[in-house]
Amino acid sequence: MAVGLFGGAFDPPHLGHVAVAEAAKRRFGLPALVVFVSAAPGHKGVDAPIEARLELARAAFPDDDVRLDPYARTIELLRAERFDDPLFVIGADQFCDFPTWREPEAVLELARLAVATRPGFPQQRLDAVLETLPSPERVSFFAIEPNPAASREIRGLVAAGETLDGLVPAAVAGLIEELGLYRGG
């Protein structure tokens, strides 16, 4: 059976992340995912410390195996960890950037990709990326409902003292408040 891998900064995790995880489990028959929280993402900065982001991810994905990802790049994780038939779950926007990842061909050799697409996402953008890949058969697509949640906007709402209703799981909102995260703007 495939092992689903889902990684990110999760700064903070939101309902869009949860929707992708749940849809991937349904579509690919996965009982759970291994959710990797990136300690220091190679492509962007983070606001909350890793310990807090791990706690937030555990609250957002209570049925999954949440782990620290100490590697800056996906290829480093895949080379260091051994998984049986890994299926790396990403969003359509990430897939469009996949050719710019470090060693994308090697990533595809070590894992299959499961790409979440939302209604209205331009198929031609996905097809253009597929055409550049040496092993396009290692990419599967699955549909998700659109979700407006974005971590950057959520951090801004917290800083402004606004509610997070409908954007993050209730347990995540509670932890953000309890830990005093994202108040600095």
Residues that are in contact (Cβ under 8 Å) with a residue 40 or more places away in the chain, surrounded by 19 or more Cβ atoms within 10 Å (Cβ to Cβ) and among the hydroxyl-bearing types (S, T, Y): does segment 143-153 have at least one? yes
State whether the residues of segment 94-111 include one that is in contact with a strand residue (DSSP E or B) (Cβ under 6 Å, 6 or more places away or on another chain) and over 21 Å from R53 (Cβ atoms). yes
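Each row is one residue, and each column tells you yes or no for (1) at pLDDT below 95; (2) surrounded by 20 or more Cβ atoms within 10 Å (Cβ to Cβ); (3) of a type outside the set (V, I, T).
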| site | (1), (2), (3) |
| --- | --- |
| A21 | no, yes, yes |
| K25 | no, no, yes |
| G29 | no, no, yes |
| L33 | no, yes, yes |
| V37 | no, yes, no |
| K44 | yes, no, yes |
| E51 | no, no, yes |
| V66 | no, yes, no |
| D69 | no, yes, yes |
Among the residues of segment 120-147, write down those that are charged (D, E, K, R) and touching a helix residue (DSSP H, G or I) at 6+ places or on another chain (Cβ under 9 Å). R125, R138, E145
Provide a single number: the residues in segment 149-159 that are over 14 Å from E177 (Cβ atoms) and more than 15 Å from the chain's Cα centre (by Cα). 2
Restricted to segment 154-163, and to residues that are free of Cβ contacts under 8 Å to residues at least 60 places away in the same chain and not in a loop (DSSP other than H, G, I, E, B), which residue is farthest from A48 (Cα to Cα)? L157
Filtered residues of segment 53-93 (kept if of a type in the set (A, V, I, L, M), under 21 Å from S140 (Cβ atoms) and out of contact with any strand residue (DSSP E or B) (no Cβ under 8 Å at 6 or more places or on another chain)): I75
Taking strands (runs of 3 or more DSSP E) that do not extend beyond segment 16-120, which have at least 1 residues that are without any contact (Cβ under 8 Å) to a residue 24 or more places away in the chain? none
Which residue out of F10, F83, F28 is closer than 26 Å to P99 by Cα, among the aromatic types (F, W, Y) and within 11 Å of the chain's Cα centre (by Cα)? F10
Matching residues, segment 100-128, being of a type in the set (S, T, N, Q) and loosely packed, with under 14 Cβ neighbours inside 10 Å: T100, Q123, Q124
Any chance you could count how many residues in segment 80-104 are touching a Ser or Thr at 6+ places or on another chain (Cβ under 8 Å) and among the acidic types (D, E)? 0
Residue tally, condition over 12 Å from G7 (Cα atoms), modelled with pLDDT of 95 or more and buried (at least 16 other Cβ atoms within 10 Å of the Cβ), over segment 76-90: 1
Among the residues of segment 129-142 satisfying the criterion of being in a helix (DSSP H, G or I) and touching a residue at least 24 places away in the same chain (Cβ under 8 Å), which is surrounded by the most Cβ atoms within 10 Å (Cβ to Cβ)? V129
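The values are calculated or read from the model by the stated rules, or taken from the named source; none is laboratory data. Since we're looking at a predicted model, the values are computed, not measured. For neighbour counting, all protein chains shown are included, and Cβ atoms are generated from backbone atoms with ideal geometry for every residue, glycine included.
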